[in-house]
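Structure, as structure tokens:
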Amino acid sequence: MTTLVTGGAGYIGSITTRLLRSTGRSVVVLDSLENGHAAAVGDTPLVVGNVANTDLVTQICRDNDIDEVVHFAAYKAVGESMENPGKYFDNNVTGSQKLIDAITACGVTRFVFSSTAAIYGTPDSVPVSEASAVRCESVYAETKLMIEHLLHWYGQTRNLRSVSLRYFNAAGASSDSTLGEDWRFSQNLMPHVMKAVLGASPALNVFGDDYPTPDGTGVRDYIHVEDLAASHVAALDYLSNGGQTLVCNVGTGHGTSVLEILQATERITGKPVPHVIQPRRAGDPSECYATTMLAAEKLGFVATRSLDDIISSAYAWHVAHPTGHSAN
Ligand code: UD1
């Protein structure tokens, strides 16, 4: 049994690849290395190339007897997707469609896809369940929803069974500090907190303290990247056991505010997190956290790592990788 992992040289992809191998699977990574790092793949076979390259994907499937695919490869910068929508529709949607055409032509019937909670936009209420309204507020989110729809139809027409995992906020790093997020370009909260605590930036900008939340700052569902990786293994096992196409939240079910993250970071590191209250960031919902029942019931997946695990692993990763990525 060989698993093809696209985007396996990236943040979540590399940690999932390592976990998949620890379960005894043989894995081949396909990554363009535009944003990923070869060093993050270790000794897993790596093919450098694009998911839209039908000949290449076909060759990989034939050479390695691929029978399941985990598809991470995508652009993920929300702001950039609004400035350059064509880049996102082309790479994320058309690229995925070409990948799916190629793998189904080679007989692959099991597919796990990186979707996002961003498709819920500003939710009407929390926690957010899979039955909640989808309301994309960015091109990035729309591309992910379009792929979910595409997967539905390939299920109807090509016998492809898939699990779309709607990630909430991935954070943290591998427990041995060897794999993590390339934080040089990230706009997410945790890398900015770490930069502030380590003096790599003057201060954390806290975007808004007047939200209708207990302390006025934004609330999100932060899930440890190793828990997130485990949800992919659970999804592959579900499909191997005959599971049907599923769309599923992956979070912890708990909301944490920006100030709570900041305070926990100060407690864990013993250092102050310099911060400045700024106006709200455009497009940010006040509160977003998941219901986790479907993942528990269908995939047998429950996140087990704590917020302290997330923060301490992120801190160790940032200390060990002062220039941001896995190659050092
Ligand atoms: C963002 C993306 C989302 C993507 C997700 C994971 C937007 C609008 N949404 O979600 O599409 O799926 O990342 O990559 O970009 N915050 C600060 N200061 C900072 C950064 C963030 O106060 O410097 C606050 C935000 O206002 C928010 C929380 O921290 O309340 C989390 O922000 P972030 O990590 O960027 O994630 P999301 O906005 O939830």
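I want the local charge near Asn91. Using Cβ-Cβ distances under 15 Å, sum +1 for each Lys or Arg and -1 for each Asp or Glu among the other residues. Can you show the working numbers first?
Details: positive: Lys76, Lys87, Lys98, Lys144; negative: Asp31, Glu34, Glu80, Glu83, Asp90, Glu142.
With Lys, Arg at +1 and Asp, Glu at -1, the net is -2.
When DSSP beta bridges are restricted to pairs lying wholly in the chain, around 5% turn out antiparallel.
Of the residues Val276, Gly121, His321, the one whose Cα sits farthest toward the positive end of the charge dipole of the chain, with +1 on the Cβ of Lys and Arg and -1 on the Cβ of Asp and Glu, is His321. For Leu204, the residues whose modelled amide H falls within less than 5 Å of its own, excluding neighbours fewer than 5 places apart on the same chain, are His275, Val276. Between His152 and Thr323, the modelled label-to-label distance comes to 4.6 nm, taking each label 7 Å out from Cα in the direction of the beta carbon. Remark on Tyr75: its backbone amide H falls under 5 Å from those of Asn92, a criterion applied only to residues 5 or more positions apart or on other chains, H modelled at 1.01 Å from N.
Viscosity 1.002 mPa s, temperature 20 °C: Stokes-Einstein D of the stretch 65-183 from its Kirkwood Cα radius, in µm² per second? Show your work: numbers first, answer last.
Values: Rh = 15.5 Å.
In µm²/s, the coefficient rounds to 138.
The modelled label-to-label distance between Met293 and Ser201, using points 7 Å beyond Cα along the C-beta direction, is 3.8 nm. Axis angle, to the nearest 10 degrees, between helix 54-64 and the longest C-alpha principal axis of the chain: 80 degrees. When the alpha carbon coordinates of the stretch 196-328 are projected onto the principal axes, the ranges are 52, 41, 25 Å, largest first.
Please check: in the Gaussian network model of the chain (C-alpha springs, under 10 Å), which one of Thr23, Thr104, Thr54 has the largest mean-square fluctuation. For the chain, modelled as a Gaussian network with Cα springs under 10 Å, the answer is Thr23. The 3J(HN,Hα) values that the Karplus relation (6.51, -1.76, 1.60; θ = phi - 60°) gives for the stretch 109-123 are, in residue order, 10, 10, 8, 10, 10, 7, 9, 8, 5, 4, 5, 7, x, 8, x Hz. Gly and Pro appear as x.
Please give the per residue accessible area of the chain, computed with a probe of 1.4 Å over protein heavy atoms only, in Å². Provide the component values of the computation, followed by the final result.
Details: 13650 Å² over 328 residues.
Each residue of the chain exposes 42 Å² on average to a 1.4 Å probe.
Each label was represented as a point 7 Å from its Cα along the Cα-to-Cβ direction; for Arg281 and Arg25 these points are 3.1 nm apart. Pick out, from Pro214, Ser96, Met1, the residue whose Cα sits farthest towards the positive end of the charge dipole of the chain, with +1 on the Cβ of Lys and Arg and -1 on the Cβ of Asp and Glu. Checked the options; the winner is Met1.
If you run the Gaussian network model on the chain, springs between alpha carbon atoms under 10 Å, then out of Gly300, Gly242, Gly107 the most flexible one is Gly242.
Just check the stretch 37-107 against the gyration tensor rule for me: Cα atoms, a ≥ b ≥ c as the square roots of the eigenvalues, rounded for a/c under 1.5, and otherwise prolate or oblate depending on whether a/b exceeds b/c.
On the way: a/c = 2.73, a/b = 1.45, b/c = 1.88.
Here the stretch 37-107 falls in the oblate category.
Residue separation of Lys98 and Met82 scaled by 0.36 nm, minus their Cα-Cα distance, works out to 3.4 nm of gained length.
In sequence order, the stretch 307-324 has phi-based couplings of 4, 4, 4, 4, 5, 5, 6, 5, 5, 4, 5, 5, 5, 6, 10, x, 9, x Hz under the Karplus curve 6.51 cos²θ - 1.76 cosθ + 1.60, θ = phi - 60°, and Gly or Pro positions carry x. Under a model in which nothing but the beta-carbon of Lys, Arg (+1) and Asp, Glu (-1) is charged, the stretch 1-111 shows a dipole of about 260 debye around its Cα centre.
To the nearest 0.05, what FRET efficiency results for Thr122 and Asp176 with a Förster distance of 41 Å applied to their C-beta separation? The partial results should precede the final answer.
Details: r = 37 Å, r/R0 = 0.91.
With a Förster radius of 41 Å, E is 0.65.
The HN-Hα couplings worked out from phi for the stretch 181-188 by the Karplus form 6.51 cos²θ - 1.76 cosθ + 1.60 (θ = phi - 60°) are 7, 6, 8, 5, 10, 6, 9, 7 Hz, whole numbers, x standing for Gly and Pro.
Can you tell me the length gained on complete extension of the stretch Ala133 to Glu260, counting 0.36 nm per residue apart and subtracting the Cα distance?
Values: separation 127, 0.36 × 127 = 45.72 nm, distance 2.81 nm.
Value of the extension gain: 42.9 nm.
Here the chain is treated as a Stokes sphere of Kirkwood radius computed over C-alpha pairs; at 4 °C and 1.567 mPa s its diffusion coefficient rounds to 65 µm²/s.
The distance separating the Cα centre of the stretch 127-203 from that of the stretch 260-308 comes to 13 Å. Each Lys and Arg adds +1 at its Cβ and each Asp and Glu adds -1 at its Cβ; summed about the Cα centre, the chain shows a dipole of about 240 debye. GNM, the chain, Cα, under 10 Å: largest mean-square fluctuation among Arg161, Arg281, Arg135? The residue that fluctuates most here is Arg281. For the chain, carbon and sulfur atoms together expose 51% of the accessible surface, with a 1.4 angstrom probe and every protein chain in place. Where only DSSP H runs of four or more residues are counted, the chain gives -11000 deg cm²/dmol as its mean residue ellipticity at 222 nm, each run worth -39500 (n - 2.57).
I want to verify the translational diffusion coefficient of the stretch 1-148 in µm²/s; compute it with Stokes-Einstein, Rh as the Kirkwood radius over Cα pairs, at 20 °C and 1.002 mPa s. Working shown, then result.
On the way: Rh = 15.9 Å.
Answer, rounded: 135 µm²/s.
Full extension of the chain between Ala105 and Thr54 gives 17.3 nm of extra length, using 0.36 nm per residue less the Cα-Cα distance.
The values are calculated or read from the model by the stated rules, or taken from the named source; none is laboratory data. What you see is a predicted model, and the numbers here were worked out from it, not measured in a lab. With ideal geometry, Cβ positions are generated from the backbone for all residues, glycine too; neighbour counts draw on all protein chains shown. Surface areas here come from the heavy atoms of the whole protein model, side chains and all, with no ligands, DNA or RNA. Shrake-Rupley method; radii C 1.70, N 1.55, O 1.52, S 1.80 Å.
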